[in-house]
Every structure is written in C-alpha cells, then in structure tokens.
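What follows is a set of notes on a single structure, which appears directly below.
The values are calculated or read from the model by the stated rules, or taken from the named source; none is laboratory data. Here the structure is a predicted model, which is why all the values come from computation and not from measurement. Every residue, glycine as well, gets a Cβ built from its backbone with ideal geometry; the counts of neighbours run over all protein chains shown. Areas reflect the complete protein model, heavy atoms only, side chains present, ligands, DNA and RNA absent. Shrake-Rupley method; radii C 1.70, N 1.55, O 1.52, S 1.80 Å.
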Amino acid sequence: MGQQIALRSADGFELGAWESMPAGAPKGGVVVIQEVFGVNGHIRAVADGYAEAGYAAVAPQIFDRVEPNVELGYEAADMGRGIELAFQKLQMPNTLADIQAAVNHASAHGSVGVVGYCFGGLLTWLAACELTGVAAAASYYGGGVAGEAARSPKCPVIMHFGELDAHIPMSDVDQVRSAQPDVPVYVYPADHGFNCDHRGSYDAPSADLARQRTLAFFQERLG
C-alpha cells in the first residue's frame with residue numbers, strides 16, 4: 001500500500017516522504033505531519049490508515065532539511081533528540097514550504113486535508129493559517145498552539161487534546177477555545193500522545209473516537 005517517494009519544495013530542496021494509496025480512486029488527499037520522532041513506523045502506519053479510509057496519504061519527512069531519514073523511538077533520549085531537531089534546528093519558513101510541497105502533491109487526488117500529531121499538531125495549525133490548498137485540518141495535541149492561537153485559519157479546523165497532558169495544560173486548551181470559538185476543540189480522558197500505539201500513553205478509546213471525528217470531518221470537507 002505504501003512506498004517511499006520524493007517531494008520537491010519551492011526552493012528546489014528534495015525531501016523524502018511516505019505515500020500510501022487507497023485500493024480504489026482516492027476521495028481526496030491527506031497530508032500526515034509527523035511527531036518529533038520523524039516519519040517512523042507509527043507515522044507510516046497512520047498514513048496507511050488514511051489510505052485504507054480512501055485517501056491518498058503522504059507523510060513528508062520534514063527533518064530532512066537538517067538530517068535525512070530520521071526515525072526515532074519513544075525513549076527519553078529519542079525525545080531529547082527529536083526536540084532538538086524540531087525546535088532548535090528546523091527553520092519554520094522552510095518547514096512550512098516542505099509541507100506545502102506535500103499539499104501540492106496530494107492535491108492531484110482532490111481536496112486536501114492535513115492531520116498532525118504533537119509537533120505536527122502545531123504545524124497542522126500553522127498550515128491551516130499559512131498555506132494554500134488546505135481544505136481542512138485536524139490537529140492532535142499540538143504543543144505551542146496556544147501561543148499561536150491568535151492566528152486566523154484559512155480553512156475549517158478541529159483540535160484534539162488530552163486532559164491528562166502535562167505538556168499542554170488545560171489552561172492552554174482554554175486559551176485556544178477562547179481565541180478560536182469557531183474551532184471545535186475535543187478533550188479526551190487521556191495523556192499526551194494518546195493516538196500513538198507505540199507509546200505508553202496510548203489510549204485506545206480516545207484514539208478511536210478522535211479518529212472517527214477526524215474521518216467524519218474529512219468526509220464532510222474533502223469527500
């Protein structure tokens with residue numbers, strides 16, 4: 001179902017991506033934005049899941065600008081390395097340009113939605129506000145979204161947070177709700193990373209419900 005491909009950004013930079021196609025004609029495209037752990041086995045599985053739901057899914061390797069083909073696990077050392085790459089080495093204009101390349105690529109299959117997790121949840125919000133060709137965006141536990149909540153999205157957005165998330169306190173979630181009253185914000189009885197079945201914080205009921213809501217949202221906005 002999935003394969004490794006290359007994307008070309010506006011400045012000519014070539015980055016890798018995982019692309020997964022549905023069995024039949026795609027209903028649209030979905031760009032899957034990684035956590036700080038790179039496009040690893042989990043993110044490839046997430047992309048494959050959106051392909052199974054009928055979408056042409058692509059997960060751009062946004063760390064390729066600073067280190068090609070990063071795949072990290074979920075131990076403390078991996079977390080530290082991922083945070084260093086995401087918040088100290090990446091340059092946001094280049095990162096958004098690389099996500100734009102993924103959106104452009106996915107647009108060959110119809111309207112495009114963006115979904116991202118953790119650091120990717122923040123990037124999903126920024127993509128909704130800054131990029132072109134994004135028809136819908138679903139952000140999962142995006143650290144830093146509260147600090148960017150005053151931005152204006154160009155497309156419909158939904159957000160998912162865990163009420164037990166020590167990284168994103170409920171005061172931040174309330175700040176997002178206050179700044180974006182038209183954005184549905186869902187809160188689950190779960191911790192940060194509840195969607196990832198490779199992490200100890202995985203919460204299957206919350207992950208399943210959030211996926212159902214995201215798929216219904218994409219069905220409405222993308223087809």
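Is at least one residue of the stretch 87-97 within 23 Å of GLU220 (Cβ to Cβ) and either open to solvent by less than 50 Å² (accessible area, probe 1.4 Å) or of a type in the set (Lys, Arg) (or both)?
Taking every residue of the stretch 87-97 in turn, none turns out to be within 23 Å of GLU220 (Cβ to Cβ) and either open to solvent by less than 50 Å² (accessible area, probe 1.4 Å) or of a type in the set (Lys, Arg) (or both).
What are the residues in the stretch 195-215 that are in a loop (DSSP other than H, G, I, E, B) and farther than 25 Å from CYS155 by Cα, if any?
Across the stretch 195-215, the qualifying residues are CYS196, ASP197, HIS198, ARG199, GLY200, SER201, TYR202, ASP203.
Find the residue count for the stretch 177-223, including only residues that are of a type in the set (A, V, I, L, M) and more than 16 Å from the chain's Cα centre (by Cα).
Qualifying residue count, the stretch 177-223: 8.
Examine the stretch 131-147 for a residue that is in a strand (DSSP E or B), among the β-branched types (Val, Ile, Thr) and either within 19 Å of ALA102 (Cβ to Cβ) or open to solvent by less than 10 Å² (accessible area, probe 1.4 Å) (or both), and state whether such a residue exists.
Yes, that holds for at least one residue.
Test VAL46 against the stated conditions and say whether it is more than 24 Å from PHE87 (Cβ to Cβ) and either in contact with a Cys (Cβ under 9 Å, 6 or more places away or on another chain) or hydrophobic (A, V, I, L, M, F, W, C) (or both).
Judged against the criteria, VAL46 is not a match.
Got a sec? Which of GLU67, GLU84 is open to solvent by 10 Å² or more (accessible area, probe 1.4 Å), of a type in the set (Asp, Glu), at negative phi and assigned to a loop (DSSP other than H, G, I, E, B)?
Exactly one of GLU67, GLU84 is open to solvent by 10 Å² or more (accessible area, probe 1.4 Å), of a type in the set (Asp, Glu), at negative phi and assigned to a loop (DSSP other than H, G, I, E, B), namely GLU67.
So, in the stretch 1-42, how many residues would count as being of a type outside the set (A, V, I, L, M, F, W, C) and assigned to a loop (DSSP other than H, G, I, E, B)?
Of the residues in the stretch 1-42, 11 are of a type outside the set (A, V, I, L, M, F, W, C) and assigned to a loop (DSSP other than H, G, I, E, B).
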